[in-house]
Amino acid sequence: MGGVKLNNGRIDFSDRFIRPNYSANLTELNGSLGAFRTGSREMATLELRGRAAGTALLDVRGALNPTADPLALDIQAKATDLELAPLSPYAGKYAGYAIERGKLSMEVAYKIAPDGQLEARNQSSSTS
């Protein structure tokens, strides 16, 4: 597959499994995914910047090949100043209480080795 460029893109996500339903929008998405081939673990470069939920700055970088088996992946992502109140459906279900206010900043890194083993790193901080 040839490379793909994204200019001012948008992703609308809805989770209808959780009650109440959760929706999130990724907007102002700009970046690129390089070329990749099936039948190879050779990865394409990924660079993507934008906004999450209209407020948080989003930056995703790394490389991947979604056709590799197992998936070939080595990415880092960063979100800064994500409003927490919209995440209340998840907090209610999994933590037992709603979130009234606050912001979250986080950095994650995920790498999948050729044997399929996942290596993950997650760091976050919040403010109220």
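Which longest uninterrupted range of the chain lacks any trypsin sites (Lys or Arg not before Pro) assigned by DSSP to a loop state (not H, G, I, E or B) and surrounded by at most 16 other Cβ atoms within 10 Å?
42-100
Tabulate in residue order the Karplus-calculated ³J(HN,Hα) for the stretch 100-107, using 6.51 cos²θ - 1.76 cosθ + 1.60 with θ = phi - 60°, rounded to whole Hz; enter x for Gly and Pro.
Computed from phi, the couplings for the stretch 100-107 are 8, 7, x, 10, 10, 10, 8, 10 Hz.
Find, among the chymotrypsin sites (Phe, Trp or Tyr not before Pro) in the stretch 7-39, those assigned to loop by DSSP (not H, G, I, E, B) with at most 10 other beta-carbon atoms within 10 angstrom. Kindly include the intermediate steps, with their values, before the conclusion.
Numbers: sites: F13, F17, Y22, F36; in loops: F17, F36.
Of the chymotrypsin sites (Phe, Trp or Tyr not before Pro), the ones in loops of the stretch 7-39 whose Cβ has at most 10 other Cβ atoms within 10 Å are F17.
Enumerate the calculated ³J(HN,Hα) couplings along the stretch 24-39 in order (Karplus 6.51 cos²θ - 1.76 cosθ + 1.60, θ = phi - 60°), each rounded to whole Hz, writing x wherever the residue is Gly or Pro.
Here the 3J(HN,Hα) series is 9, 10, 9, 10, 6, 7, 9, x, 7, 10, x, 6, 8, 10, 6, x Hz.
So, in Å, what gap is there between the alpha-carbon centers of the stretch 47-62 and the stretch 72-128?
13 Å
Using the Cα centre as the reference, give the magnitude of the dipole from point charges on the C-beta atoms of the chain (Lys, Arg: +1; Asp, Glu: -1; all else neutral), rounded to the nearest 20 debye.
So the dipole magnitude of the chain works out to roughly 200 debye.
What 222 nm value per residue comes from the helices of the chain, counting each DSSP H run with n ≥ 4 as -39,500 (n - 2.57) and dividing by all residues, nearest 500 deg cm²/dmol?
-1500 deg cm²/dmol
Name the residue from P86, L104, N122 whose Cα lies farthest towards the positive end of the charge dipole of the chain, charges +1 on Cβ of Lys and Arg and -1 on Cβ of Asp and Glu.
After comparing all options, I get P86.
May I ask you to evaluate 6.51 cos²θ - 1.76 cosθ + 1.60, the Karplus curve with θ = phi - 60°, for each residue of the stretch 5-20 and list the ³J(HN,Hα) values in order in whole Hz, giving x for glycine and proline?
Whole-Hz 3J(HN,Hα) from phi for the stretch 5-20: 10, 10, 10, 6, x, 8, 10, 9, 10, 9, 10, 8, 6, 7, 10, x.
Every number here is computed from the coordinates shown, using simple stated rules; none is lab data. Quick caveat, the model's predicted, so the values are computed rather than measured. So basically every Cβ, Gly included, is an ideal-geometry build from the backbone, and we count neighbours across all protein chains shown.
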